Amino acid sequence: MLLLDVRDLRISFATSRGLLPAVHGISFQVMAGETVAIVGESGSGKSITALSLLRLLKEPDTRIVGEILFKGNDLLQASQTRMRAVRGDEISMIFQEPMSSLNPVLTVGDQIAESVSLHKTVSRAEARAQALRMLVQVGIPAPEQRMKEYPHQLSGGMRQRVMTAMALVCEPALLIADEPTTALDVTVQAQILDLMRELKARLGSAIILITHDMGVVAELAQRVMIMYAGRKVEEASVADIFARPSHPYTIGLLGAIPRLGSSSGPDAGKPLTEIPGVVPSLREAGKGCAFAPRCTFASSICFEVTPLLKVIDADHTVACHHSREALAA
Amino acid sequence: MKQGALLDVISLKKHFQGPRKGFGGRAVVRAVDDVSFSIARGETLSIVGESGCGKSTLGRTVLGLMAPTEGAVWFDGWRLDGLARQQLRKIRRHFQVVFQDPMSSLSPRMRVKDIIAEPLHNFGLASGKGNIEGRVAELLDMVSLPRDAMGRFAHEFSGGQRQRISIARALASNPSLIVCDEAVSALDVSVKAQIVNLLSSLQKKLNMSLLFISHDLAIVEHLTHRVAVMYLGVIVEIGDRELIFSRPKHPYTRALISSVPVATPGGKSNRIVLTGDVPSPINPPAGCRFHTRCPVVFDRCKVEEPKLRSVGSDRRMVACHLEGVSENQ
């Protein structure tokens, strides 16, 4: 079942120097129960895209055009009242930094119960009971005790569990996770990744996973969108992205990650693949492919014509004039 | 001092005053608690561990930015701890540092040429405008920055380029040791690969030693010769890269390595997920500090602290009571 259908989403910021486009028309779909990863580096527009889905961007300063069809209704046309009903209930979000996204003056129990009380007509006691059940589900030891504690009394991993509990307590159809494990240590990250997989299996929520970590993508996602400079440059199943990356940027990104086991493998001692140059700033957007200045396959057409997404295989699209050569290389 | 060692750290301790506890004075935070290691000329030793394990404190104490509570730091025949400031200042040109966040470690008010030339003035290594500019230009070439960077300010550069400026500044005084404290952690994937390759090639070219402090195990495996794994202020395993990464022995090292998400779909099967969080260094657990989270803990671990000792060959030392920590696992 089609849950979310984003069509030609364009986001720009109003600045003193005029409109600054950050996302140049991206379209994607999320099926019920599916995990889609949006991968990109800083400035690629991935977080802005996520925030726009819940209309969390400050509206007079940002211009959002396009359609965000959630269960068939356009969220961009929805009233603020309707959006408040959607947020936290049908679509919820986990942010990267749990310390700055939890309320420091409310106890953990109150914060989770608040989300229940807002969306369901239940008694205070029932809301707290649901909050407690959720804390148990996210694997917090001594949950009754933790209910009465404040965010600063918890460790980073525990705070991320609380965030997860808060996001999932209303059993949303769609969960947006913006870099959910980036701020965590690896052993704690492993715990949270296991938790997300387990909860997804139990609750059946679809997940949009925003990340720059291809390892996390390989572990959690079914489908992957690669973004660069505000555009979707490639989309495929997770297996295809790793086995047959077809956009030169995706290829570079995969080559640039050092992998464990490198010291004993055949590539020991070889330098990492570099993508020369830097991510362009939003202001530099010129004509043609945004990746062309850093691309080894770039030809004159790349600097003139922005490549459109084309289907190269079932469920595999790529926006590159030279994807055939790139895949062969 | 070990034969051929450039840096020799012996039983180093760094304790901080912790929060007040009632009338009984202050608690003691044992950030670094009896750590010994050495680095040979031209060698890279990496310190890995999760947040709070003391790896950054260790780096700062080695650099003489903090006085150790106990223990000794020998650098190329000088004993650094206890040296008068004046003398330490003179020796500093031989060991330099690159920090994680180049924005806060580069002066926003200085031009790049003045930033890079500052060590030259400080240590009296060059005089005369022409000589200094020549040397700065040479350093910019070494880190692959354009010469016109000289007249610009740090904020005009991207994160990766700023890190190149930091590296050029560190190289200015021809040091024999550079401490990199999470030097690539804040960078985007594609840029991270560039800086990692730059550090590796500079190290080979200039035959420098690197003390590379990082939580990113894949990067560490890629560029290091030896690794020390820290947990709660102590080294639990230290040895050659290939041994540690292909056959980790300490249960913590195993869990740490197995926790890293691998960028291969369906590639991970035998992950060891640790329960709980890292305990506080204010009151580290008695006996082995890892025993509260160790999957193979037994009685002795709770009372007796294991000492680092050679296992198999002298190329690896492990601090764990489980001797015969099975050779083949």
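The values are calculated or read from the model by the stated rules, or taken from the named source; none is laboratory data. Bear in mind that the values here come from a model prediction, so they are computed numbers and not experimental data. Backbone-built Cβ (ideal geometry, glycine too); neighbour counts: all protein chains shown.
Provide a single number: the residues in segment A:255-294 that are surrounded by fewer than 21 Cβ atoms within 10 Å (Cβ to Cβ), within 7 Å of chain B (Cβ to nearest Cβ) and not in a loop (DSSP other than H, G, I, E, B). Final tally of qualifying residues: 0. The helices (runs of 4 or more DSSP H) found wholly in segment B:87-179 and carrying at least 2 residues that are of a type in the set (Val, Ile, Thr) occupy B:112-122, B:129-142, B:159-171.
Matching residues to (1) within 25 Å of B:LEU63 (Cβ to Cβ); (2) among the small types (Gly, Ala, Ser); (3) under 19 Å from the mean Cα position of the chain (by Cα):
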| position | (1), (2), (3) |
| --- | --- |
| B:ASP141 | no, no, no |
| B:ALA149 | no, yes, no |
| B:HIS155 | no, no, no |
| B:GLY159 | yes, yes, no |
| B:ALA170 | yes, yes, yes |
| B:LYS205 | yes, no, no |
| B:GLU221 | yes, no, yes |
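If you go through segment B:206-229 and pick out every residue that is in contact (Cβ under 8 Å) with a residue 40 or more places away in the chain and in a helix (DSSP H, G or I), you end up with 4. The condition (being modelled with pLDDT of 95 or more and touching a Leu at 6+ places or on another chain (Cβ under 9 Å)) is satisfied by just one residue among B:ILE91, B:ILE116: B:ILE116. Checked against the criterion of being among the polar types (S, T, N, Q), free of Cβ contacts under 8 Å to residues at least 60 places away in the same chain and buried (at least 18 other Cβ atoms within 10 Å of the Cβ), the candidates B:THR69, B:THR44, B:THR57 yield just one match: B:THR57.
Residues checked against (1) of a type in the set (Phe, Trp, Tyr); (2) in contact (Cβ under 8 Å) with a residue 60 or more places away in the chain; (3) within 11 Å of chain B (Cβ to nearest Cβ):
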site	(1), (2), (3)
A:GLY157	no, no, yes
A:ALA167	no, yes, no
A:ILE176	no, yes, no
A:THR181	no, no, yes
A:LEU184	no, no, yes
A:GLN189	no, no, yes
A:LEU199	no, yes, no
A:HIS212	no, yes, yes
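Looking across segment A:115-136, the residues that are touching a residue at least 12 places away in the same chain (Cβ under 8 Å) and assigned to a helix (DSSP H, G or I) come down to A:SER115, A:VAL116, A:LEU118, A:HIS119, A:ALA127, A:ARG128, A:GLN130, A:ALA131, A:LEU132, A:MET134, A:LEU135.
Considering segment B:283-317, and only residues there that are polar (S, T, N, Q) and surrounded by 12 or more Cβ atoms within 10 Å (Cβ to Cβ), the residue that is farthest from the chain's Cα centre (by Cα) turns out to be B:THR292.
Within segment A:140-167, which residues are of a type in the set (A, V, I, L, M, F, W, C) and either within 16 Å of the chain's Cα centre (by Cα) or within 29 Å of B:ASP216 (Cα to Cα) (or both)?
Let us first name the residues in segment A:140-167 that are of a type in the set (A, V, I, L, M, F, W, C), namely A:140, A:142, A:147, A:154, A:158, A:162-163, A:165-167.
The answer is A:ILE140, A:LEU154, A:MET158, A:VAL162, A:MET163, A:ALA165, A:ALA167.
Screening A:VAL162 with (1) facing another protein chain (nearest Cβ under 9 Å); (2) part of a helix (DSSP H, G or I) gives one miss only, at (1).
Within segment B:230-240, can one find any residue that is touching a helix residue (DSSP H, G or I) at 6+ places or on another chain (Cβ under 7 Å), under 29 Å from A:LEU195 (Cβ atoms) and either in a loop (DSSP other than H, G, I, E, B) or within 11 Å of chain A (Cβ to nearest Cβ) (or both)? Yes: segment B:230-240 contains one or more residues that are touching a helix residue (DSSP H, G or I) at 6+ places or on another chain (Cβ under 7 Å), under 29 Å from A:LEU195 (Cβ atoms) and either in a loop (DSSP other than H, G, I, E, B) or within 11 Å of chain A (Cβ to nearest Cβ) (or both).
Hey, among the residues in segment B:178-203 that are crowded, with 21+ Cβ neighbours inside 10 Å and more than 29 Å from A:SER44 (Cα to Cα), which one's nearest to the other protein chains (Cβ to nearest Cβ)? Checking each candidate, the answer is B:ILE178. The residue list A:GLY139, A:GLY157 contains one member that is in a loop (DSSP other than H, G, I, E, B), at pLDDT below 90 and more than 21 Å from A:VAL86 (Cα to Cα), which is A:GLY139.
Restrict the check to segment B:190-198 and report whether at least one residue is part of a loop (DSSP other than H, G, I, E, B) and closer than 26 Å to B:SER258 by Cβ. Checked segment B:190-198: no residue is part of a loop (DSSP other than H, G, I, E, B) and closer than 26 Å to B:SER258 by Cβ.
Within segment B:258-277, if we keep just the residues that are in a loop (DSSP other than H, G, I, E, B), at pLDDT 80 or above and more than 7 Å from chain A (Cβ to nearest Cβ), the residue that is farthest from A:LEU220 (Cα to Cα) turns out to be B:THR275.
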